[in-house]
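Written out below as structure tokens is the structure these notes cover.
The values are calculated or read from the model by the stated rules, or taken from the named source; none is laboratory data. Given the structure is predicted, the values throughout are model-derived calculations rather than measurements. No Cβ is skipped: glycine too gets one built from the backbone with ideal geometry, and neighbour counts run over all protein chains shown. Quick note on the areas: whole protein, heavy atoms, side chains included, nothing else; ligands and nucleic acids left out. Shrake-Rupley method; radii C 1.70, N 1.55, O 1.52, S 1.80 Å.
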Amino acid sequence: MNSAFNQAVQEVLSRTSIVELIGADVRLQKKGTNYLGLCPFHQEKTPSFTVSEPKNYYHCFGCGAHGNAINYMMNRHNYSFKDAITLLADKSNVHLPEFSNKALTQAQQDVQQEKQREYKDQKQQIIEVHRLAAEYYHVALLKKREGDNARKYLQKRQVSPQTIVQFQIGYADGGLTKYLMSLGYSEELLLSAGVALREDQTKRIRDRFINRLMFPILDIRNRPIAFGGRTLDDSNPNIPKYLNSQDTPIFHKGSNLYNLNTAIKYIKEKGIVLVEGYMDVIAMVSYGFPQAVASLGTALTETQIEVLWKYCERPVLCFDGDNAGVRASIRVVRRVLPILKPGKTLFFCYLPKDLDPDELLKTQGANAMQEHLDNTSSLADVLWRDMVSVYEQKNSNRDTWIPEDKAALKRDILNVTTLIKDPDIQNLYKQLFLEKFNLMQKRPQQKGLLKPVPAVARLSPQSKPQKILGQKILLGILLEKPVLLSDVDELLSMMDFVNSELSEIKDWLLDVSVSDINYAEPTFLERCAAFLEKIGKDTLKVHAPFVFDLDASTEFILKRWKEIWFCTEGYSMIKGDFRRMGNALKQNFDEKSWNQMRALFSSIDYFDKDLM
């Protein structure tokens with residue numbers, strides 16, 4: 001090996017500012033001791049490309065690109081090793097001695113191996129630092145006097161001691177840096193690991209997390225690789241409520257998910273559910289939903305969606321049902337369109353307004369959460385509702401849309417579907433939306449009719465949670481519109497309720513249907529409101545919004561009620577009747593049995609004509 005040439009290569013690398021070199025191509029922003037930007041080696045919208053001046057290398061957490069200044073010139077600008085080192089030597093005023101092809105090849109190998117070795121060694125050290133940090137925080141929470149407020153906070157949030165241990169929750173008392181340096185770890189390593197930072201004025205090193213409840217973020221090998229910290233000082237508006245670890249060689253916020261290490265064990269059986277925060281995940285797991293994960297304080301990225309798809313083709317994303325939650329879900333929809341793949345999609349679960357998963361579980365229980373998870377909206381439904389809602393609002397005071405808005409919706413359909421890169425999926429989405437658009441032209445346009453049919457109204461047998469939801473909707477409609485009772489009392493009497501509270505409401509409504517009660521009486525309205533509160537008015541608003549539409553006719557609501565009744569109750573009834581009639585005809589093919597079978601066919605024909 002030509003040692004003189006090899007030394008010259010090292011001199012070139014030490015004199016070359018990798019930040020200036022890459023900054024000529026990529027817009028870099030300083031983040032701690034490193035710089036962050038959009039990766040030049042693959043397309044991305046969320047920066048995952050890190051450049052380190054002290055370490056003289058770059059690394060992309062999205063595509064894995066990694067190297068030094070020479071590697072960058074080779075990979076980005078297609079230079080050979082010889083041309084790259086020659087160009088950089090000229091820029092840094094380093095004289096290159098004469099070299100043979102063998103020396104050139106050896107130098108190239110040495111540079112590559114050295115950087116890989118340095119990077120691997122640093123990663124191992126940072127992993128060890130995070131293991132020690134997680135242990136330190138956890139002990140501080142459990143045993144130190146300084147952790148009193150953190151323990152009281154967790155008790156107030158109903159987090160059990162077993163759950164604290166399960167998630168290795170900790171407390172940052174501000175002494176981690178001193179502890180790690182006492183073990184021999186350098187300031188530079190602690191800064192690179194993201195557990196410490198340097199103060200701007202004093203230039204002294206201190207803990208990154210102070211007076212925070214700490215949530216370790218583990219990789220799929222159950223190793224701590226980062227932390228999320230929740231402040232315990234809510235009185236100071238200048239302190240961020242949540243603070244996450246910076247990007248490091250072992251962690252990138254836009255590529256990881258909280259609790260994925262545990263959730264992957266249950267995905268095959270239960271799927272996967274994405275919620276917003278650490279406490280939401282902890283509550284979900286505590287109430288029997290171990291498949292819950294969370295993004296890490298950022299909007300869901302394309303890389304995180306790809307991670308979800310790696311383990312589950314149809315993940316469910318859980319959002320608050322208020323306007324902010326709906327807007328957040330729409331941003332995800334628009335972000336995912338370009339990366340949709342055959343067989344991979346997203347489903348959306350909207351919770352009642354002002355309730356996150358943690359609050360819903362603690363106030364309504366696991367069954368309520370399961371009901372919402374059983375009644376999700378497809379990506380196509382969410383996108384369609386978003387496109388249509390704009391023009392519904394513009395035409396809210398008209399019986400029909402103006403032609404210009406119809407044309408605008410058709411234009412939006414074509415524009416939005418072009419965002420989908422996969423040609424098959426793009427064509428199918430375009431076909432679906434144009435079919436919906438054409439259907440709008442053929443039917444009377446009443447406000448609220450453009451929303452999709454409730455998830456319970458499917459012509460198929462219902463699971464138990466779906467059936468209970470359907471029964472709640474049917475009773476809720478009658479409590480809001482008791483005038484329908486005279487038309488549906490016979491169907492209502494046929495319903496079999498496993499829930500005692502719902503059965504009580506049914507019996508009361510049947511009593512009302514045969515009485516002379518005035519539906520406008522205050523006592524009657526108060527009783528209806530009380531029963532509706534038990535059912536959940538928000539549930540009715542989500543799954544039967546037409547009930548609250550002032551322009552929806554009584555005839556339309558009646559048809560909807562019967563349709564939901566058939567899908568919730570009638571399907572299984574008629575299926576059972578067919579089985580019994582078939583057996584009866586086998587035993588005794590007489591006129592009475594045949595007439596009963598014909599009557600059964602007539603009942604189906606009634607639903608076909610009246611509803612479909």
For this session: Summarise the accessible area of the stretch 163-293 (1.4 Å probe, protein heavy atoms) by the percent that is carbon and sulfur.
Result: 47
Exercise. Once label points are set 7 Å from the Cα along Cα→Cβ at both residue 489 and residue 132, what is their separation, rounded to one decimal in nm?
Worked result: 7.9
Seminar exercise, completed: Sorted on mean Cβ neighbours within 10 Å (highest first), peptides 187-194, 122-129, 275-282, 18-25 come out as 275-282, 187-194, 122-129, 18-25
Exercise. Hey, how many Å between the Cα centroid of the stretch 367-391 and the Cα centroid of the stretch 16-78?
Worked result: 40
Problem set entry | Whole-percent carbon and sulfur share, accessible surface of the stretch 316-368, 1.4 Å | 53
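Ranked highest first by the average count of other Cβ atoms within 10 Å around their residues, in what order do 254-264, 421-431 fall?
Top of the packing list down: 254-264, 421-431.
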Problem set entry | Net length gained if the chain between residue 198 and residue 144 were fully extended (0.36 nm per residue, minus Cα distance) | 16.9 nm
Exercise. Relative contact order for the stretch 31-96 using alpha-carbon pairs under 8 Å, separation at least 6, rounded to a whole percent?
Worked result: 18
Exercise. What distance in nm separates the simple spin-label points at residue 29 and residue 359, each placed 7 Å from Cα in the Cβ direction?
Worked result: 3.0
Exercise. Going by a ≥ b ≥ c, the root eigenvalues of the Cα gyration tensor, does the stretch 180-252 fall in the rounded group (a/c under 1.5), the prolate group (a/b larger than b/c) or the oblate group?
Worked result: oblate
For this session: Calculate the spin-label point distance for residue 415 paired with residue 220, positioning each point 7 Å from the Cα along the beta-carbon direction, and give it in nanometres.
Result: 3.9
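Would you mind getting me the FRET efficiency between residue 53 and residue 299? Use the beta-carbon distance for r and R0 = 25 Å, nearest 0.05.
Calculated transfer efficiency: 0.30.
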Problem set entry | Heavy-atom surface of the stretch 122-253, accessible at 1.4 Å and reported per residue (Å²) | 51
